[in-house]
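What follows is a short report on a single structure.
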Amino acid sequence: MLNMLEIIVPAATPSIFQVIWLILVAVLWAGFFFFEGFDFGVGMLVPFLGKSDEQRRVMINALGPHWDGNEVWLLTAGGAMFAAFPAWYATLFSGLYLPLLLVLLGLILRGVAFEYRSKNEGKLWRTVFDWMIAVGSFLPPLVFGVGFANFVKGVPVVPCSAHASIDFAACETAFGDPLLVPRIFWEVFDAFTLVGGLLFVCLFVAHGSFFIALKTRGEIKDRAQKFGNILGIVAFILAAVFVVWANLVYFGAEATPGQLPLLGILAWITGALAVVGIGFAWFMNSKNRDGWAFIGTTLGTVLLTVMFFCFFYPGLGFANIVDGAATMDITTASSSQHTLVLMTIAAGVLVPIVLAYTAWSYFFVFRRRLSVENIPA
Amino acid sequence: MFCPMSPDTIARWQFGITTVYHFLFVPLTIALSVLTAGLQTAWVKTGKDAYLRLTKFFGKLFLINFAMGVVTGIVQEFQFGMNWSEYSRFVGDIFGAPLALEALIAFFLESTFLGLWIFGWDRLSKGVHLATIWLGAAGTFISSIFIIAANAWMQNPTGAWYNAEAGRAELTSLTQVILNPVFLTQWPHTIAASFVTAGAFMAAVAFYMLVKKNAEDAPEDDLVAYRKGVKLGAWVLIVAGACTVVSGDFLGKAMVTSQPTKMAAAEGLTAALDDPARVGIQVFPGFEVFPGFLNWLYGTDYIQTVPELEQQWADSGYLQWDRKANVPVAGTQLQQDFADELAKIDGLSPVNAIPDVTIAFWTFRLMIGIGCLAVLGGIFFLFMIRGKRIPSPSPILTAVAIAMPLLPLLANSSGWIFTEMGRQPWIVNGVLPTLQGLSPSVGIFNVAFSLIVYTLVYGLLAVVEVRLLLKYIKKGLPEAETVDVKDEAQPLSFAY
């Protein structure tokens, strides 16, 4: 039998690069939830907010130049987890198999639908693709909300050799005794995680309607604002419930050992500010200030992500439930120092460049508001 | 060990199906983006309408194809963790970085700048707009560099060592990963094949339309533009075809050192040889031509048969061969480090180190044969339109035009099946057996269910995609509109 990473390495003090990479992964997820958040929101709203084909096209074209780039944040976050914390990536992606399949299915459906919807005239064709956009935009936030709420609670892991549904022989030949998720699909759902899922869906819909209000003119903008008034308050209430529940019940709980009190305070602060941001967005939207409303939900999504990552130190959202076995944490899951240093240099150079040309695309090239009169036949 | 319904068999099928399917779209994305950028450059330089119309025509087809590449690509990145978690855990220190950098450098670049290109016709000046398509094309190129480097590392794991304490492979030298001889030859080979694919596509589409429009008495301008398309596509196809052969030769020579079993299987050397110096090429098993060709290609010292390699593996646990000392050697640092570990694992040794000879033999021939056929097709197109000629429509010409874009796709798929099946039984050549890379916690239901979902969704999308491609091909060249920066209220020059 080979030496086992998880068993011989004790929970050590993380290196500066391990901390940097946990922060960078958090930044990438925050970027994803911010950018793809309004993208998902607009997508979910397409069949409901757009009363005519032109109005739906206004909504889709507000995202047109950006949806693909927004999605890359997820790919980068996934790639960064793979590169910097391979054991995290391996345990998470194999452990939450069916939820991730739903995410992939959603992303496939909506991506194709954005590109192909207007390339044919038929009413049936367009209706089918509108619903593909809506469903494809609904599934991922629901899964991510439920998933991140599960990580707050600490998803249980066991060593392969103690995994009930794995033939012991399969672990004999595996290298080391990897930590794996013993759960079955429906065990990820409970009241708390469903609130998380609902929160993500409603927050993104609100974020998306503020984006539409910001990026369009005319009837569609008015309807988006009205919709934002309802969804904003729902998202605000859900966020408040979720933040209090998460911090009160799950921070420093037995299931997630080693969490730092200082980060507990930060989780409270960022969580509370996220709730305030969402409330602010709702208020500003009702005052017809669409720029401020969008900034409000931006703060909401980004700060909520920061709060989540306060929970993920050091256990990365997983918790070992077998006594005496090794833990999954920021040190045991990470890549070698050599790889982390190289990746840090690359990220330090590249992330600012990406942000610069993304900003150029949003704020300079495609800054104008769209309306039905901008839609060619 | 083989069981038709085991999770590992289904996971292998899933990887094969999703990867081959993904790679139907990738080569067109890589090379057609460059050709479209070239056409647009020609328009900006010369101001001729024909180039603008061709840019928009092929740009549209490129984008229909691009969308499929994007959505099927997401599955690829997730799949390593979902189905192959122990592979990911074992190699993540080396293999994860190219995937992360691919997303960070290439995917952001191509998605953002193609977005700017699609919607920027009336928002950007001519020069800046031209730059966006070149940057988008650069993104697709950079993407191919990273992913081929990652794949080449699986074929020949350079620049890494085995950290026994951590129980995994770790990076020692990024330079060695990049200077991997398999990567340095596999990447040009893949890029050249991509240009074969895009050249054949462009030539066939333009040829079909040229013949059709000529018979319909279309305006002279249209015919001139289509003729340009045929010529550009066909010449790209022919030149890229030559590059594919040359780079393939170098790749073969790199593989014969690093993966002798793969090449022995590809050449069908299943029995002891009477005279290694006289071995020729087997067209099909037992039918040999060009005696001495393999000697000329690789040198006698490298010609090893499957039985010899099997024996060598059984004796030494090594597959590679030191030509000067005439002894088996351990290969890369990682392979050397790990040889002892492999031997220690109960129930694992002996691994049968030889891939499926039939599959390797035939996919190798299909790749070369169909690829060459595509190049002949390019010459045929040029011949048919030589001088000022335009042939009249006939079912045979239509059949050729339909077959031509498909030939490189078949050749590419065969090439990848050969590359990946020829590496078996390893997921990391000479180090990690494929079976060891599997996710232990993912049950047979999950893998089978996801395979069914992907197959159904991919099948439906293929129908939609082909239908749209045909529709936009038949629509023909768009009009050359003047492109100005417009005011707020005017319609977008392009909209979904």
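The values are calculated or read from the model by the stated rules, or taken from the named source; none is laboratory data. Note that the structure is a prediction, hence the values are computed from the model and not measured. Reconstructed Cβ throughout: ideal geometry from the backbone, glycine too, with neighbour counts over all protein chains shown.
Among the conditions (1) within 14 Å of another protein chain (Cβ to nearest Cβ); (2) within 26 Å of B:LEU52 (Cβ to Cβ); (3) in a helix (DSSP H, G or I), B:ALA401 misses just one, which is (1). Once region A:50-89 is narrowed to residues that are in contact with a strand residue (DSSP E or B) (Cβ under 9 Å, 6 or more places away or on another chain) and among the hydrophobic types (A, V, I, L, M, F, W, C), the residue that is surrounded by the fewest Cβ atoms within 10 Å (Cβ to Cβ) is A:ALA62. On the basis of being closer than 29 Å to A:ASP177 by Cα and either touching a helix residue (DSSP H, G or I) at 6+ places or on another chain (Cβ under 8 Å) or of a type in the set (Ser, Thr, Tyr) (or both), does B:TRP84 make the cut? Yes.
Go through the residues of region B:458-477 one by one and say whether even a single one is more than 30 Å from B:TYR51 (Cβ to Cβ) and in contact with an Asp or Glu (Cβ under 6 Å, 6 or more places away or on another chain). No, there is no match, as no residue in region B:458-477 is more than 30 Å from B:TYR51 (Cβ to Cβ) and in contact with an Asp or Glu (Cβ under 6 Å, 6 or more places away or on another chain). In a residue-by-residue description of region A:200-210, the property of being closer than 29 Å to A:MET328 by Cβ, touching a Pro at 6+ places or on another chain (Cβ under 7 Å) and part of a strand (DSSP E or B) applies to no position.
So for region B:285-293 (the condition being in contact with a helix residue (DSSP H, G or I) (Cβ under 9 Å, 6 or more places away or on another chain) and either of a type in the set (S, T, N, Q) or crowded, with 17+ Cβ neighbours inside 10 Å (or both)), does at least one residue qualify? No; the residues of region B:285-293 include none that is in contact with a helix residue (DSSP H, G or I) (Cβ under 9 Å, 6 or more places away or on another chain) and either of a type in the set (S, T, N, Q) or crowded, with 17+ Cβ neighbours inside 10 Å (or both). A:SER137 meets each of the listed conditions (1) within 27 Å of B:LEU460 (Cβ to Cβ); (2) surrounded by fewer than 22 Cβ atoms within 10 Å (Cβ to Cβ) apart from (2).
Of B:ALA150, B:ALA166, all but one fail to be assigned to a loop (DSSP other than H, G, I, E, B), within 30 Å of A:PRO178 (Cβ to Cβ) and within 14 Å of chain A (Cβ to nearest Cβ); the exception is B:ALA166. Of the conditions (1) buried (at least 24 other Cβ atoms within 10 Å of the Cβ); (2) in contact (Cβ under 8 Å) with a residue 24 or more places away in the chain; (3) more than 11 Å from every other protein chain (Cβ to nearest Cβ), B:TRP84 fails just one. Which one is it? Going through the list (1) buried (at least 24 other Cβ atoms within 10 Å of the Cβ); (2) in contact (Cβ under 8 Å) with a residue 24 or more places away in the chain; (3) more than 11 Å from every other protein chain (Cβ to nearest Cβ), B:TRP84 breaks only (3). Across region A:62-86, the number of residues qualifying as modelled with pLDDT of 95 or more, touching a Ser or Thr at 6+ places or on another chain (Cβ under 7 Å) and among the hydrophobic types (A, V, I, L, M, F, W, C) comes to 5.
Among the residues of region A:250-280, the ones that are under 22 Å from A:CYS202 (Cβ atoms) and at pLDDT below 95 come to 1 in all. Against the list (1) outside any loop (DSSP other than H, G, I, E, B); (2) within 22 Å of B:ALA242 (Cα to Cα), the condition B:PRO328 fails is (2).
Taking first residues from region A:157-186 that are hydroxyl-bearing (Ser, Thr, Tyr) and partners that are assigned to a loop (DSSP other than H, G, I, E, B) and modelled with pLDDT of 80 or more, the Cβ contacts under 9 Å between residues at least 6 apart in sequence or on separate chains come to A:SER161/A:ASP177; A:SER165/A:PRO182; A:SER165/B:SER441; A:SER165/B:GLY443.
Evaluate region B:94-109: report whether one residue or more is in contact with a strand residue (DSSP E or B) (Cβ under 6 Å, 6 or more places away or on another chain) and assigned to a helix (DSSP H, G or I). The answer is yes; a qualifying residue exists. One residue alone among A:PHE114, A:PHE185 is within 24 Å of the chain's Cα centre (by Cα) and closer than 25 Å to A:VAL72 by Cα, and that residue is A:PHE114.
Determine, yes or no, whether A:VAL322 is under 26 Å from the mean Cα position of the chain (by Cα) and either at the interface with chain B (Cβ under 10 Å from one of its Cβ atoms) or of a type outside the set (Ser, Thr, Tyr) (or both). Explain how you work it out, then say what you get.
Values: under 26 Å from the mean Cα position of the chain (by Cα): no; either at the interface with chain B (Cβ under 10 Å from one of its Cβ atoms) or of a type outside the set (Ser, Thr, Tyr) (or both): yes.
It is false that A:VAL322 is under 26 Å from the mean Cα position of the chain (by Cα) and either at the interface with chain B (Cβ under 10 Å from one of its Cβ atoms) or of a type outside the set (Ser, Thr, Tyr) (or both).
Within the option set B:ILE427, B:ILE473, being part of a strand (DSSP E or B) and either in contact (Cβ under 8 Å) with a residue 60 or more places away in the chain or of a type in the set (S, T, N, Q) (or both) holds for one residue only, B:ILE427.
From the list B:LYS231, B:LYS262, B:LYS253, exactly one residue is within 30 Å of B:ASP49 (Cβ to Cβ) and part of a helix (DSSP H, G or I). Which is it? Give the derivation first.
Details: B:LYS262 fails: within 30 Å of B:ASP49 (Cβ to Cβ); B:LYS253 fails: within 30 Å of B:ASP49 (Cβ to Cβ).
Only one candidate qualifies: B:LYS231.
Being of a type outside the set (Gly, Ala, Ser), without any contact (Cβ under 8 Å) to a residue 24 or more places away in the chain and closer than 27 Å to A:ASN61 by Cβ is a property that A:TYR362 lacks.
In region A:330-377, what residues are in a helix (DSSP H, G or I), at the interface with chain B (Cβ under 8 Å from one of its Cβ atoms) and more than 30 Å from A:SER15 (Cα to Cα)? Break it down stepwise before answering.
Going residue by residue through region A:330-377, those that are in a helix (DSSP H, G or I) are A:337-365, A:372-374.
Keeping just the survivors that are at the interface with chain B (Cβ under 8 Å from one of its Cβ atoms) gives A:338-339, A:342-343, A:346-347, A:350-351, A:354, A:357-358, A:361, A:365, A:373-374.
Correct list: A:TYR357, A:THR358, A:SER361, A:VAL365, A:GLU373, A:ASN374.
What about B:ASN163, is it surrounded by fewer than 23 Cβ atoms within 10 Å (Cβ to Cβ), of a type in the set (S, T, N, Q), closer than 30 Å to A:PRO86 by Cα and free of Cβ contacts under 8 Å to residues at least 24 places away in the same chain? So B:ASN163 passes the test.
Going through B:PHE108, B:PHE113 one at a time, which residue ends up being buried (at least 23 other Cβ atoms within 10 Å of the Cβ), in contact with a helix residue (DSSP H, G or I) (Cβ under 6 Å, 6 or more places away or on another chain), of a type in the set (Phe, Trp, Tyr) and farther than 15 Å from B:ALA37 by Cα? Please lay out each step first, then the result.
On the way: B:PHE113 fails: farther than 15 Å from B:ALA37 by Cα.
That would be B:PHE108, the only listed residue that is buried (at least 23 other Cβ atoms within 10 Å of the Cβ), in contact with a helix residue (DSSP H, G or I) (Cβ under 6 Å, 6 or more places away or on another chain), of a type in the set (Phe, Trp, Tyr) and farther than 15 Å from B:ALA37 by Cα.
Of the residues B:VAL466, B:VAL457, B:VAL447, the single one that is outside any loop (DSSP other than H, G, I, E, B) and surrounded by fewer than 18 Cβ atoms within 10 Å (Cβ to Cβ) is B:VAL466.
For region B:169-201, residues that are part of a helix (DSSP H, G or I) and within 17 Å of B:LYS262 (Cβ to Cβ) total 7. Taking the criterion of being buried (at least 23 other Cβ atoms within 10 Å of the Cβ), more than 22 Å from B:ILE379 (Cβ to Cβ) and aromatic (Phe, Trp, Tyr), no residue of region B:184-212 qualifies.
Being buried (at least 20 other Cβ atoms within 10 Å of the Cβ), touching a His at 6+ places or on another chain (Cβ under 8 Å), modelled with pLDDT under 95 and part of a loop (DSSP other than H, G, I, E, B) is true for just one of B:PRO440, B:PRO355. Which residue is that?
Working: B:PRO355 fails: touching a His at 6+ places or on another chain (Cβ under 8 Å).
When all the criteria are applied, what remains is B:PRO440.
For region A:51-102, the candidate set comprises residues that are in contact (Cβ under 8 Å) with a residue 60 or more places away in the chain and of a type in the set (Val, Ile, Thr); within that set, the residue that is nearest to the other protein chains (Cβ to nearest Cβ) is A:ILE60.
Beta carbons closer than 8 Å, at least 6 apart along the sequence or on distinct chains, pair a first residue in region A:281-296 that is at pLDDT below 95 and buried (at least 17 other Cβ atoms within 10 Å of the Cβ) with a second that is part of a helix (DSSP H, G or I) and hydrophobic (A, V, I, L, M, F, W, C) for A:ASP290/A:PHE210; A:ASP290/A:ALA213; A:ASP290/A:LEU214; A:ASP290/A:MET284.
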